[in-house]
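Colleague: Following this message is one structure expressed as structure tokens.
The values are calculated or read from the model by the stated rules, or taken from the named source; none is laboratory data. Remember, it's a predicted structure, so these values are computed and weren't measured experimentally. For neighbour counting, all protein chains shown are included, and Cβ atoms are generated from backbone atoms with ideal geometry for every residue, glycine included.
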Amino acid sequence: MKKIVISFVLILGALYTNAQTVIEGNKLTDNWSIGVNAGATTPLTHSAFFKNARPAFGLEVSQQLTPIVGIGIQGMGYINTTLSKTAIDVSDVSLLGKINLMNLFSAYSGTPRLFEIEAVGGVGWMHYFMNGAGDSNSVSSRVGLNLNFNLGEAKAWTLALKPALVYDLDGDFNRAKSRFNANNANFELTAGLTYHFRGSNGQHHLAAVRAYDQGEVDDLNSAINRLRNEVNDSKALVERDRNVINTLRQQLEEANNRTPIVETVVEEKTQRIPEITVTFKQGRTAVDASQLPNVERVASYLNRHPEAVVAIRGYASPEGSVTVNERIARERAEAVKNVLTKKYRIDGKRITAQGQGVGDMFSEPDWNRVSICTITENR
């Protein structure tokens, strides 16, 4: 009695431990399986074990209610090896209950183990086929084990070895007064192949999920809503910055494509002579071929007026550092001077070239990338 109580307490403890796991995919339509069995059966007593064995085959439909408990219905037929003219001499249809011993005493991880042991028990209806009239029926009982090998990454298939004892409960009860009489029992050994249908959780088996209390759920919902708002705010900022970038890109393109305005200024001691402007590309200090006509105008005037001199002032637009802009402004003035002296043979003594840093003559900063040539005629 003491051992029974201890075993009962252990089972209750194991059930309570497994009850703490929340299972997903245990709807009425989930965790169904179908399998075929084939093997042999032989009388348990008063016969040669292997000599009197006969083939057995069957079909089983089951549902796993929890990781521990399953139910099923199984139909078995036993091939006649006697002189009787019936092909099948006995059939047995049983309603089965299954206990997964591995999950009973060790928590279910969410995926079936490669190897598991099930305890199986059930009652059924046994039918004896006779030559001619006179078939008989009995109540049967089945106890046994399923030694399961769960195969595949998805655990959709199970290959099992199934030893069992099958009792004819009516048998010789009137004489022996015992339902579970070894003289009316058969030992059955079959191998089974079972396919597990996919359930509502997308798996071929029950899935373990973490249980959250309402406080945790509320906290998670708050965090999700906060993150969603942050994402929406970030999208608005990105869209605003994208619009600014597009506007700046458009303005830059327009500035690069715009032809600089050339302003003419005349300065003489006795009369005004046009100022000539030579423009430069951004960051460049070499005189572009398109600007050579302006330089040639300066050279032509100097050639026609031997007493005239020219002052070249180089400027830069505001991009970049002060040091860089000063260098660029100076080099632009020197570039114009070099063209006058080398290409047009103008005496360098008639030319002064100075850098003026960042220019502010024009309203558009990009237009200040110039060298301005001011001609003075001494009379």
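Colleague: Which number in (1) part of a loop (DSSP other than H, G, I, E, B); (2) at pLDDT 80 or above marks the one condition that Thr277 misses?
Modeller: (1) is the only condition that Thr277 fails.
Colleague: Could you check, for segment 91-99, whether at least one of its residues is under 35 Å from the mean Cα position of the chain (by Cα) and modelled with pLDDT of 90 or more?
Modeller: Looking for residues that are under 35 Å from the mean Cα position of the chain (by Cα) and modelled with pLDDT of 90 or more, one finds none in segment 91-99, hence no.
Colleague: Scan segment 106-114 and give yes if some residue there is part of a loop (DSSP other than H, G, I, E, B), of a type outside the set (Ser, Thr, Tyr), touching a His at 6+ places or on another chain (Cβ under 8 Å) and under 19 Å from Ile23 (Cα atoms), otherwise no.
Modeller: yes
Colleague: Tell me yes or no: at least one residue of segment 357-377 is surrounded by fewer than 20 Cβ atoms within 10 Å (Cβ to Cβ) and among the basic types (Lys, Arg).
Modeller: No, segment 357-377 has no match at all.
Colleague: Here is a follow-up. Being modelled with pLDDT of 90 or more, farther than 26 Å from Gly110 by Cα and either surrounded by 15 or more Cβ atoms within 10 Å (Cβ to Cβ) or touching a strand residue (DSSP E or B) at 6+ places or on another chain (Cβ under 7 Å) (or both) narrows it down to one of Ala160, Ala164, so name that one.
Modeller: Step by step, each of Ala160, Ala164 is checked, and only Ala164 is modelled with pLDDT of 90 or more, farther than 26 Å from Gly110 by Cα and either surrounded by 15 or more Cβ atoms within 10 Å (Cβ to Cβ) or touching a strand residue (DSSP E or B) at 6+ places or on another chain (Cβ under 7 Å) (or both).
Colleague: Does segment 343-360 hold any residues that are out of contact with any Leu (no Cβ under 7 Å at 6 or more places or on another chain) and hydrophobic (A, V, I, L, M, F, W, C), and which are they?
Modeller: Once the filter is applied, which keeps residues that are out of contact with any Leu (no Cβ under 7 Å at 6 or more places or on another chain) and hydrophobic (A, V, I, L, M, F, W, C), segment 343-360 yields Ala353, Val358.
For (1) in contact (Cβ under 8 Å) with a residue 40 or more places away in the chain; (2) outside the structural domain of Asn150 (by TED's automatic domain parsing); (3) among the hydrophobic types (A, V, I, L, M, F, W, C), each residue gets a yes or a no:
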| site | (1), (2), (3) |
| --- | --- |
| Asp30 | yes, no, no |
| Val36 | yes, no, yes |
| Ser62 | yes, no, no |
| Met102 | no, no, yes |
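Colleague: Got a sec? Which of Asn181, Asn146 is of a type outside the set (A, V, I, L, M), crowded, with 16+ Cβ neighbours inside 10 Å and farther than 19 Å from Glu118 by Cβ?
Modeller: From the options Asn181, Asn146, the qualifying one is Asn181.
Colleague: I've got another one for you. Is it fair to say Asn338 is of a type outside the set (A, V, I, L, M, F, W, C) and surrounded by 14 or more Cβ atoms within 10 Å (Cβ to Cβ)?
Modeller: So Asn338 passes the test.
Quick grid of which residues meet (1) part of a helix (DSSP H, G or I); (2) over 23 Å from Gln63 (Cβ atoms); (3) at pLDDT below 90:
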{"position": "Val5", "(1), (2), (3)": "yes, yes, yes"}
{"position": "Val9", "(1), (2), (3)": "yes, yes, yes"}
{"position": "Leu12", "(1), (2), (3)": "yes, yes, yes"}
{"position": "Tyr16", "(1), (2), (3)": "yes, yes, yes"}
{"position": "Asn26", "(1), (2), (3)": "no, no, yes"}
{"position": "Ser33", "(1), (2), (3)": "no, no, no"}
{"position": "Thr42", "(1), (2), (3)": "no, yes, no"}
{"position": "Thr45", "(1), (2), (3)": "no, yes, yes"}
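Colleague: So Leu292 ticks every box in (1) at pLDDT 90 or above; (2) under 13 Å from Thr279 (Cβ atoms); (3) touching a Gly at 6+ places or on another chain (Cβ under 9 Å) but one. Which box is left unticked?
Modeller: It fails just one condition, (3).
Colleague: Within the group Val209, Val139, which residue is surrounded by fewer than 20 Cβ atoms within 10 Å (Cβ to Cβ), at pLDDT below 90 and either touching a strand residue (DSSP E or B) at 6+ places or on another chain (Cβ under 7 Å) or outside the structural domain of Glu60 (by TED's automatic domain parsing) (or both)?
Modeller: Exactly one of Val209, Val139 is surrounded by fewer than 20 Cβ atoms within 10 Å (Cβ to Cβ), at pLDDT below 90 and either touching a strand residue (DSSP E or B) at 6+ places or on another chain (Cβ under 7 Å) or outside the structural domain of Glu60 (by TED's automatic domain parsing) (or both), namely Val209.
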